[in-house]
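The values are calculated or read from the model by the stated rules, or taken from the named source; none is laboratory data. Predicted model only: the values in this text are computed from it and were never measured. All Cβ positions, even for glycine, are placed from backbone atoms using ideal geometry, and neighbour counts span all protein chains on display.
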Ligand code: SAM
């Protein structure tokens, strides 16, 4: 285990570099020594694995990943952290730090270039402001990645990992479940970070499915149906779908019937198979109208 990730060392390094935290970049660094080894272990970093890390900060998680993985590529947006990372990771020859905004990178090309013929996992203590965009970007691109293990705010962990039927199920959990099998690994209290955020966190792992969970005839329409279904939680499913998809209620009723879904059902009760049948029914209606 590295000696990096404790309050005293992190403070000492940051003060030596005159570093001040950027709230805008979601900078809350881990200062609990037991957290990073666990993320690295449970995230699947091993001697044959390549690891993509997003936001290494001063390198506390990067250190644990580099000690276990074949290769680590860490993407950091804050230029001020590059000399710090040079120092904290100096003992490793298997780490590449890239100065870039992860949301603007061509990740597919990067993975192909940096990890040829290697199994790849993603591990990160994510900056909270990009949790959903980065997860959806990683999932939608169908990147050749085995698993994504990330620290997120606890409330986000619950929303991302919610199963159909649970109160927190929503468009995000449905989309995640289409591409991956999600689970919460463990909770991390706010006191494990410097500065301490206002909420607790949790580490989640998404195991990427070799193929999406269902096969809708039109993926874009499938996701529109899901978003429309969850768009107005206080309305009935039929009403939300009708306004969200700009279709008359009678036609929505017919599609629900065709898909064997009760018009009184709530969106959070629907499984991916239900949404898929519903999207199929709506797709068939739209196709029939074309002729
Ligand atoms: N991994 C470190 C740790 O656990 O102590 C730092 C985690 S901190 C929550 C998030 C890190 O992501 C910060 O270092 C921040 O500068 C970086 N970051 C924020 N936005 C980013 C972006 N768009 N692309 C790459 N890195 C980003």
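For this structure, a couple of remarks:
- Being surrounded by fewer than 21 Cβ atoms within 10 Å (Cβ to Cβ), free of Cβ contacts under 8 Å to residues at least 24 places away in the same chain and either under 30 Å from residue 19 (Cβ atoms) or in contact with a helix residue (DSSP H, G or I) (Cβ under 8 Å, 6 or more places away or on another chain) (or both) is a description that applies to residue 190.
- For the range 232-280, a residue qualifies if it is assigned to a helix (DSSP H, G or I) and surrounded by fewer than 17 Cβ atoms within 10 Å (Cβ to Cβ), and the qualifying residues are 239, 243, 249, 250, 253, 254, 257, 258, 269, 273.
- Scanning the range 68-92 for residues that are out of contact with any strand residue (DSSP E or B) (no Cβ under 9 Å at 6 or more places or on another chain) and either over 22 Å from residue 46 (Cα atoms) or within 15 Å of the ligand (Cβ to nearest atom) (or both) yields 80, 83, 84, 87, 88.
- Checklist (1) at pLDDT 95 or above; (2) within 21 Å of residue 153 (Cβ to Cβ); (3) within 13 Å of the ligand (Cβ to nearest atom) applied to residue 10, failing item: (1)
- Some residue of the range 91-103 being over 17 Å from residue 66 (Cα atoms), surrounded by 15 or more Cβ atoms within 10 Å (Cβ to Cβ) and touching a residue at least 12 places away in the same chain (Cβ under 8 Å): yes
- Given (1) surrounded by 20 or more Cβ atoms within 10 Å (Cβ to Cβ); (2) within 9 Å of the ligand (Cβ to nearest atom), number of the condition residue 135 does not satisfy: (2)
- Matching option when the condition is surrounded by 16 or more Cβ atoms within 10 Å (Cβ to Cβ) and in a helix (DSSP H, G or I), among 205, 224: 224
One line per residue, one yes/no per condition, for (1) over 23 Å from residue 66 (Cβ atoms); (2) in contact with a strand residue (DSSP E or B) (Cβ under 6 Å, 6 or more places away or on another chain):
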site	(1), (2)
123	no, yes
126	no, yes
144	no, no
164	yes, no
168	yes, no
188	no, yes
195	yes, no
203	no, yes
